[in-house]
Structures are given as C-alpha cells and as structure tokens.
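One structure below.
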Amino acid sequence: PRRRPAGDVVMVFTSQDLQCRSFLYRELESAGAVFGEVNGMAAALTYAEYDSDASVEKQQARSLGICDLSALGRSGYKGWNIATWLQAQGAELPEASNTVKTQSDGIRIARLAPSEVLILGNLQGKGNLIDHLDSTWQLENADGCFKVPRSSTNFWLTLSGHHAPELFAKICAVDMQPDTLA
C-alpha cells in the first residue's frame, strides 16, 4: 500500500490487473501513470516522475493539466419525456441546451439538447443520484425516457490550469472564457 497526502491507502498495480480500464489506459501507461483502483476500475492516480514530489504535479495542473476521470460515475438519458421523468426522480435540470446544473451533492446534469442529458458524478466518486436513476429506470416503464450508458462507452477528461482557455481557443470554435461561458 502507498499513502497519499489525503491519508487514503491505495493499492498500486498495473492497469492490466483489473478488467475495467479507461479507454486511454495504454496512453496513460506509456506516459508513466501509476494506477490504483477507483470504483472497480484501474485509474491513473499519479505519474512516476511526480510520485516523490506531489507539489510538482500540482504546479503543472495549475498551469495546464489533463486528468482522466473515466473511473467516476456518469450516465445519460434521451427521449421526449426526460425532463418529466428526471424531475420526478428529484433531479434539477438546466432550462437551456448546452448548460449544466449542479445538484446539491455535486453531481452535474448537462442538458445537451431538449431531449438529452448527460449526468456526471461528483469528483469524490460518489454518484447517489446516478445510482438511484440507473436502478429506478426500467424499459417497461420508460414512457419516452431511454437510458444511454455513458460509463462503458465514453471516456471523461478534465482540463485544469490557467492555460486551459488558451488551449480550448486553439482546438474549439466555442469561446470558453469563464466570463463568456457560465
């Protein structure tokens, strides 16, 4: 076991030790990722070059960092009745497409279109709303709301640091400056 700054004990192993891995595990492994188990998935926890000095990794993340969050919970739903069904389950939806509403527990619901949402678990790996929705939804009672599995079909990355808006400006036509994109 290896101790992390937060005091959590994590077993460290290769990405091959678990059946469930990020779609990016080969690239992460070749970059020197040190893997641990998060939600039953082999997840890159740090990189060998930073393992002895976490402050260097934090400094890099403040400048420009990328993190694979694929081990964290996420789900999605499509259909003409998603808003009604999700609200009946206690979810708060954003009004407009391409906006996000953060729930009280840190889970985010992104409205991709009037009839499609993406639900992202919180950064502590907890997804009580996601678990509730996934266990409540049944095809027999779908009534215009259909589950779109996201955790087994998509990866999830986050960019951090003060250079992230500059990077997005080079690769994306949408202005993602904080004062423009709420």
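The values are calculated or read from the model by the stated rules, or taken from the named source; none is laboratory data. A quick note: this is a predicted structure, and the numbers were derived from the prediction, not measured. No Cβ is skipped: glycine too gets one built from the backbone with ideal geometry, and neighbour counts run over all protein chains shown. Areas reflect the complete protein model, heavy atoms only, side chains present, ligands, DNA and RNA absent. Shrake-Rupley method; radii C 1.70, N 1.55, O 1.52, S 1.80 Å.
Mind checking the angle between helix 54-64 and the chain's longest principal axis? C-alpha axes, 0 to 90 degrees, to the nearest 10.
The angle comes out near 50 degrees.
What nm distance separates the two modelled labels at residue 138 and residue 95, each placed 7 Å from Cα along Cα→Cβ?
Roughly 3.6 nm, to one decimal.
Multiplying the sequence separation of residue 60 and residue 108 by 0.36 nm and subtracting their Cα-Cα distance, what value in nm do you get? Intermediate results must be reported in sequence, preceding the final value.
On the way: separation 48, 0.36 × 48 = 17.28 nm, distance 2.59 nm.
Gain on stretching residue 60 to residue 108: 14.7 nm.
Average the reciprocal distances over every distinct pair of alpha-carbons in region 58-97, invert the result, and give the Kirkwood radius in Å.
Radius from the Kirkwood sum: 13.5 Å.
Of the accessible area of the chain, with the probe set at 1.4 angstrom, what percent is carbon plus sulfur? Spell out each step's value before the answer.
Numbers: 5940 of 11140 Å².
After summing per-atom areas, the C and S share lands at 53 percent.
Average the reciprocal distances over every distinct pair of alpha-carbons in the chain, invert the result, and give the Kirkwood radius in Å.
Mean inverse Cα-Cα distance, inverted, gives 18.2 Å.
When the C-alpha atoms of region 15-87 are aligned to their principal axes, what extent does each axis show, in angstrom, from largest down?
50, 31, 18
What Kirkwood hydrodynamic radius do you get for region 96-182 when you take the inverse of the mean 1/r over all pairs of distinct Cα atoms, in Å? Could you put the intermediate results ahead of the total?
Numbers: mean 1/r = 0.0659 Å⁻¹.
Final number for the Kirkwood radius of region 96-182 is 15.2 Å.
How would you rank 134-142, 28-36, 154-162, highest first, on the average number of other Cβ atoms within 10 Å across their residues?
Values: 134-142: 10.6, 28-36: 17.7, 154-162: 14.0.
Output ranking for 134-142, 28-36, 154-162: 28-36, 154-162, 134-142.
Using Cα pairs closer than 8 Å and at least 6 residues apart in sequence, work out the relative contact order for region 109-182, in percent. All intermediate terms of the calculation are to be shown ahead of the outcome.
On the way: 25 pairs, mean separation 8.4, N = 74.
That works out to 11 percent.
Zone of residue 147 (label point 7 Å along Cα→Cβ, backbone N under 19 Å): which residues in region 98-132?
108-110, 116-122, 126-132
If you roll a 1.4 Å probe over the heavy atoms of the protein chains, what accessible area per residue do you get for region 88-182, in Å²?
63
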